[in-house]
Amino acid sequence: MGRDKAATLFDYMKLWALYGVCIIVVYLLPSFVKFPFFLALLFAGYVSKDDSFILAFFIILFAEIGGLFPETSRIEGAYQRLPVYGLGPVRLPLYDIALVMLTIKSYFRSKEALTFKPKLTPVLILLVILAGFSLVLGMDRNSYVFSIRAFLSFLVFFIFPKLLNSEKDILRFMSFLFSAVFLIVYASLAEALSGFRLGNIAGEVYKSALEFREIRVINSPFLVLICFIYASYWLYANRAVGFKRLYLGAIVAICYFVNALSATRGWFLAFSLMLTVSFLVYLNKTHRIIAYLFPMVTVIIFMASSSSQLSYVVGNAIGRLQTIETLVEGDLSAGGTLSRITVRMPRMLVKLKENPIIGFGFSDEYYQYADNHVGWIMQMLQMGILGLFIFLVMFYRFIEYNISIVHLTKEKAVHVFSIALMGIMVIHTSSTAIFAFSALGAQQEIMQMLAILLTGRAILSSHELRLLQQRK
C-alpha cells in the first residue's frame with residue numbers, strides 16, 4: 001500500500017476476523033445460533049458509519065468464496081448455509097433482508113451524498129411495460145418469486161451511489177475487495193491441488209472439480225472481474241493513489257490466473273481481450289506494466305511447474321480453452337462442448353420469433369425458455385428488439401462519456417471502463433447473460449458488479465473533473 005492508505009491493517013484484521021466469526025457460527029456452532037447472530041450483524045451494519053466497510057463485507061460474505069456460505073440452495077451436500085428466515089409462507093434469504101436494510105440506510109442519507117443519478121429512465125419505463133405485459137401473458141407463483149427477487153436486486157443501483165460518494169470511499173471499498181482476491185486464489189489452488197473446498201469445513205461432501213472429466217475451478221467470478229477492472233484502472237492512472245503499482249499488478253495477474261483456471265472460454269476471452277486492449281491503449285506504459293506483472297507471473301509459472309497436480313489442472317484448462325480453435329475453424333459445437341450454440345440458442349430463437357419486438361417480459365413463457373448461457377438471445381427473449389436497442393444506446397452513451405472525460409482531464413485510465421464494457425459484452429455473448437432484467441443464475445452478483453462499475457466510474461470521473469477545476 002502507498003503512503004495514503006485506503007485501509008489500515010486494523011481494518012483488514014477487523015474484516016477478516018468478522019468473516020472468520022461468521023464461519024464459526026455457520027459451520028461449527030448449532031444451527032439455531034446463526035439466525036439471531038446474522039440479525040444482530042444486520043443491525044450493526046445499519047448503525048455503522050463505515051459504509052465502505054459494510055458494503056465490502058456483505059459482498060465478500062455473499063461471494064461464496066471456495067463454496068463458503070451458500071445462500072439458499074442445498075447443492076450436492078451443502079447443508080450448512082446462510083440463514084433463510086420464515087415469515088409464515090414467505091421465506092426471506094439473508095441477502096434480501098440485507099438489501100432492504102442497506103436501502104433503508106441509504107434512504108436516510110442526505111441528498112448531497114448522492115454522487116450521481118443513473119440515467120436509467122428509459123430502462124425503468126421498459127421495465128414497467130414488460131411487467132404489465134407479463135401479467136397479460138400469464139405468471140405463476142414461481143414466475144412471481146423469480147421476478148420479485150430480480151426487482152430486489154436492482155436496489156443496488158440506489159444503494160451504492162448513496163453509500164459511496166468520494167474517491168476515498170471507493171478506494172477504501174475496493175481495498176477490502178482486493179484483499180478477498182488472496183483468499184480466492186488460495187481457495188482455488190487448494191481445490192486444484194487437493195480437491196478440498198473451503199465449504200467442506202463442516203465435513204459436508206461437495207463434488208470436487210477434480211472428480212469431473214473437465215477440471216474447472218470456478219471461484220467468485222464476478223468479484224474477480226470487478227477487482228480486475230479497478231486494479232487495471234489504478235495501475236494505468238496518472239496519479240498514484242493508495243496502492244503501490246506492484247500490488248495492483250499482482251491483483252491483475254492473480255485475477256487473470258484464477259479466471260484462466262476456471263477454463264471458462266467466454267470469460268477467458270473477455271479477460272484476455274481486456275488485457276490486450278489495455279496494453280495497446282496504454283502502449284507508452286506497457287513496459288512498466290509488464291515489469292509489475294512479471295514477478296507474479298513468474299511465481300505462478302513456478303508453482304504450476306513444481307506441482308504435478310497443478311500442472312495437470314492447468315493443462316486440462318488449456319485443453320478446454322484450445323477448443324476455441326475448432327469454433328474459429330467452423331465447428332459451432334467446439335468439438336461437441338458448446339451446446340449453447342447448437343441446441344440452446346435455436347430453441348430460444350424459435351420462441352423469440354413469436355414476439356420479436358417486445359419479447360416475453362417476466363411471464364411463464366420467458367422463464368420456460370430462458371437460458372442464461374446465451375446472453376443476447378435471452379435478453380431479446382425478455383425485452384425484444386426494443387429493449388436491445390435501448391441498451392445499445394446506453395452502451396454508446398457510456399463510452400461517449402468516458403471519451404469526453406479523457407479529452408477534458410487527460411486521464412486516459414478512464415478508458416479502462418470502456419474496455420471493461422467490451423469484456424463484459426464478450427461474457428454476455430459467450431457465457432452468461434449480463435444485460436437482462438432477470439438473469440437467473442447470477443442475478444445478485446451481476447447487479448452488484450454493474451452497480452459498482454457505474455458508481456466507481458462516476459466517482460472517479462467527478463474527482464478528475466474537480467482536480468481539473470482546481471488546476472485552472
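Laboratory data are not the source of any read-out in this text; all were calculated from the coordinates shown. Small disclaimer: the values here were computed from a predicted structure and weren't measured. All Cβ positions, even for glycine, are placed from backbone atoms using ideal geometry, and neighbour counts span all protein chains on display.
Would you please give the FRET efficiency between Asn238 and Ile148, computed as 1/(1 + (r/R0)^6) with r the Cβ-Cβ distance and R0 = 56 Å, to the nearest 0.05? Kindly include the intermediate steps, with their values, before the conclusion.
Details: r = 45 Å, r/R0 = 0.80.
That pair, Asn238 with Ile148, gives E of 0.80.
Summing charges over all other residues whose Cβ lies under 12 Å from the Cβ of Ile184, with Lys and Arg as +1 and Asp and Glu as -1, gives -2. Here the extension length gained between Arg109 and Arg91 equals 3.6 nm, from 0.36 nm per residue of separation less the Cα-Cα distance. Of Asp140, Asp50, the sequence from fewest to most neighbouring Cβ atoms within 10 angstrom is Asp140, Asp50. Between Val100 and Lys168, the modelled labels are 3.4 nm apart [label points 7 Å from Cα along Cα→Cβ]. Using the Cβ of Ala44 as centre and a radius below 14 Å, the other residues enclosed give a net charge of +1, where K and R count +1 and D and E count -1.
In this structure, the pairs whose alpha-carbon distance is over 26 Å, taken from Lys14/Lys34; Lys119/Lys412; Lys49/Lys410; Lys105/Lys244; Lys34/Lys105, are Lys49/Lys410; Lys105/Lys244. Residue separation of Phe294 and Phe389 scaled by 0.36 nm, minus their Cα-Cα distance, works out to 30.0 nm of gained length. Descending by average beta-carbon neighbour count within 10 Å, the peptides 457-467, 217-227 line up as 217-227, 457-467, the highest first. Go ahead and run the numbers for FRET between Asp140 and Glu400, Cβ-Cβ distance against an R0 of 56 Å, rounding to 0.05. Working from the Cβ atoms, E equals 0.85. Calculated FRET efficiency, Ala40 to Asn284, Cβ-Cβ distance, R0 = 56 Å: about 0.60 to the nearest 0.05. Going 7 Å from the Cα of Lys412 in the Cα-to-Cβ direction, what parts of region 445-472 have a backbone nitrogen less than 12 Å from that spot? Of the residues in region 445-472, none has backbone N under 12 Å from the label point off Lys412.
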